[in-house]
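This report concerns only the one structure given below.
What follows draws every value from the coordinates through simple rules; no lab data is involved. No experiment lies behind these values; they were computed from the predicted model shown. Cβ coordinates were reconstructed from backbone atoms using ideal geometry, including for glycine residues, and neighbour counts include every protein chain displayed.
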Amino acid sequence: MLFWHCKNFLTSWHYLWATTAIWLISYVIRLFFLNWTNYFRLSWLVGEEAAVTLMPENAIKVTIPTQMKWKAGQYVYLRMPGISVFENHPFTIASLWSDDFPSQYGEEYRDMVLVFRPFGGFTKKVLDSALENGPWHTYRAFLDGPYGGMKRALHSFDHVVLFAGGSGITALVSQLLDLIKRLRDGKAVTKSVQVIWALKRPETLEWFKEELRICREFAPPDTVQCQFYITAAKRQQRTGELVSAQTPTRPISMMFHSKVNEAFQNIANNRLSTISANTNRNSALIMEEAAGDPEREKVLRRENEDRPRPLPQAHLLPMRSASRNGRVSPPPSELSTTPRLTLAEKRKSQQMSIPLPDPASPAYLQQCTPPSNPNDFDFGFPSTPTEFQKNLMRFAFLPAAVKSRKSGWSTEYGRPDIPFMLREMSAEWTGRRTCVFVCGPPGMRVDVSNTVAELQRTVWNVPGRDEVYLHAENYAI
């Protein structure tokens, strides 16, 4: 239209041709950032396999074993044809790509974890589909990325302060894990790491319980301090507001997207079966290479069988159903010891969904808690806040509270006084460079930004201090 509109007046077409060339080149380059355009991968034209897990505090976790590589703090565009064919949505990657964290899907794979809260549009459709299809259903995921990330690495700063508000913690987790790994490997100059996470209820800590446990157990001594601030006075009570899988809100759309997802999944399963068949035809080559050595032949056959498998159940949240007598049934993995079926056979033999009991039944009001694990991570706060803790804003900085923070990990009830905390921390900064990272609601970002701007003056007054750097992530949900 612009070519017709300009009619080649003066040199207008020169600019239009240059714009067209840049546009085409950008799309060609973008092909290298897609996980389904590599012919030599199983994800070619069909995407990766993904699992959706429902977590506490109305959160969703999407786990995607992939061969794609990414850096801490980057994000990807996620498209799931089984949920919405024409929609994709950007999500910050909440996991770390590292050789130390291989996926159970295969040694060449790493688990890409995306955590978000459903509000509307694509995220709400993910929730509806998870309720409709149940916890054992898998989806095809098409990834575009990774993009973004910090321009400067956290491990180049002497002191690092991380502020998170609510689900803004997703932007910090991968950065924190990467920093801990570099500290363990001796590849960071960072002396101290301080994490401040303000969240409404303690159940939100379950989102990244394992990641926090890794930080606490594997970080060098006296380097990482975490403070959790519970801002809500009461725990959220369970209600019957979830939409049952038996009453889908988009039956026709869900059926269409389910057919699309099944078509992609069948192609992936057939491709995997073909690779398996071709692998089994190499028995003669294995025997020839073993040269009559039975031990060598066993090793070669074991390596030959090591190939990508369907998404393991370890990535999925074991859902428990309440029976009529109020007893909780164990997950399917505890009931049967038969070998795990292939993904296609599982889909044909089982139509699993989340069983939501009647809201009026007493069993629905009971908390279905899993059995205690000796390796569970304790955050150090009581199950129910006391009246003193509800009004902790008046007493948050008493000597007793300060003493509890000396150990490095503490949980308090109330909102953090960000300006006071940053000024108090700045008195202990002994290095040349300090980074303050924030991802949270607008009020938190404004408080952190204003205080860091104020602390910039200390660069002129404090000997040996060269920089107080601020990195703020936009917070949408």
Could you list Cys6, Cys435, Cys226 so that the one with the fewest beta carbons within 10 Å of its beta carbon is first and the one with the most is last?
Cys6, Cys226, Cys435
Long-range amide H contacts for Thr37: which residues qualify at under 5 Å (H placed 1.01 Å from N, peptide plane, sequence gap of 5 or more or a different chain)?
Leu45
How would Lys125, Lys259 line up from fewest to most surrounding beta-carbon atoms within 10 angstrom?
Lys259, Lys125
Is the range 1-157 best put as rounded, prolate or oblate by its Cα gyration tensor, with a ≥ b ≥ c the root eigenvalues, rounded for a/c under 1.5, and otherwise prolate when a/b is larger than b/c, oblate when not?
prolate
For the pairs Lys69/Lys187; Lys200/Lys259; Lys151/Lys200; Lys61/Lys187; Lys124/Lys181; Lys61/Lys181, flag any whose C-alpha to C-alpha distance is greater than 29 Å.
Lys200/Lys259; Lys151/Lys200; Lys61/Lys187; Lys124/Lys181
With Arg457 itself left out, Lys, Arg at +1 and Asp, Glu at -1 over residues whose Cβ is under 13 Å from its Cβ give 0
Within-12-Å neighbourhood charge of Arg117 [Cβ basis; K, R +1; D, E -1]
+2
What full-extension length gain, to one decimal in nm, is calculated for Arg296 and Glu467 as 0.36 nm per residue of separation minus the Cα-Cα distance?
55.7 nm
Determine, from the Cβ-Cβ distance of Thr123 and Phe218 and an R0 of 30 Å, the FRET efficiency 1/(1 + (r/R0)^6), rounded to the nearest 0.05.
0.40
Fewest to most Cβ atoms within 10 Å: Lys71, Lys187 sort as Lys187, Lys71
